[in-house]
1. Tally up the residues in the range 1-26 that are touching a His at 6+ places or on another chain (Cβ under 9 Å) and at pLDDT 90 or above, please.
2. Can you tell me which residues in the range 49-91 are in contact (Cβ under 8 Å) with a residue 60 or more places away in the chain, in contact with a Leu (Cβ under 8 Å, 6 or more places away or on another chain) and surrounded by fewer than 17 Cβ atoms within 10 Å (Cβ to Cβ)?
3. So in the range 27-48, with the set limited to residues that are crowded, with 16+ Cβ neighbours inside 10 Å and part of a helix (DSSP H, G or I), which one is modelled with the highest pLDDT?
4. Is it true that VAL64 is within 18 Å of GLN154 (Cβ to Cβ), touching a helix residue (DSSP H, G or I) at 6+ places or on another chain (Cβ under 9 Å) and at pLDDT 95 or above?
5. Of the residues in the range 32-63, how many are closer than 18 Å to GLU151 by Cβ, in contact with a strand residue (DSSP E or B) (Cβ under 9 Å, 6 or more places away or on another chain) and not charged (D, E, K, R)?
6. Considering each residue of the range 112-126, count those that are buried (at least 18 other Cβ atoms within 10 Å of the Cβ) and under 20 Å from VAL69 (Cα atoms), and give that number.
7. Taking the range 49-68 only, how many residues are under 22 Å from LEU143 (Cβ atoms) and either part of a loop (DSSP other than H, G, I, E, B) or of a type outside the set (Val, Ile, Thr) (or both)?
8. Within the range 113-125, which residues are under 17 Å from PRO86 (Cβ atoms) and modelled with pLDDT under 95?
Amino acid sequence: MTIRIIVSIAAMMLAMMNPYCATASLGGTADTVQADRARMQASLRMTKKDLYAVHELSAPNQVVVREFVSPTGIVFGVAWQGPVRPDLRQLLGGYFSHFVEVAGTQKKQEPRRRRMMVEEPGLVVEGAGHARAFAGRAYVPQLVPAGVQAEEIQ
């Protein structure tokens, strides 16, 4: 087995044990996208790419969330845009507490910073916006399938 396969299997096992996996959050399984759709009261459209699938959820409040799912069925990235921020606890799942910790430290160091940027070895979260125009993305570099560029997560 290659390291990438071992990491994917380990991530899948961790995701299954994760208490936040009731939704198709980052690191969760694709089987739960319907739970996200119901929670957001959104329509769902799926697009297959060569190396992954994109589950696009469009909510009545005009928020669009894209969940990027690997061939192994793991959500390796999420992206959002809309007039309000989506529920990041829902989207980031088990990664949310780490995100809050790192983002809180950054905010203390740079209180006027308007762009959200967390770049850790195990988590990348980027976001920006203002009232009625928010966008962002998050991904786990180790879960991104070989051959997929981070720029594709948008």
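The values are calculated or read from the model by the stated rules, or taken from the named source; none is laboratory data. All of these numbers come straight from a predicted model, not from anything done at the bench. Cβ: placed from backbone, ideal geometry, glycine included. Neighbour counts: every protein chain shown.
1. Count: 0.
2. The one that is in contact (Cβ under 8 Å) with a residue 60 or more places away in the chain, in contact with a Leu (Cβ under 8 Å, 6 or more places away or on another chain) and surrounded by fewer than 17 Cβ atoms within 10 Å (Cβ to Cβ): PRO71.
3. Checked the range 27-48; the qualifying residue modelled with the highest pLDDT is MET40.
4. Considered against the rule, which asks whether it is within 18 Å of GLN154 (Cβ to Cβ), touching a helix residue (DSSP H, G or I) at 6+ places or on another chain (Cβ under 9 Å) and at pLDDT 95 or above, VAL64 comes out as no.
5. Count: 4.
6. Qualifying residue count for the region: 4.
7. Matching residues across the range 49-68 total 11.
8. If the condition is that a residue be under 17 Å from PRO86 (Cβ atoms) and modelled with pLDDT under 95, then MET116, VAL118 are the ones that fit.
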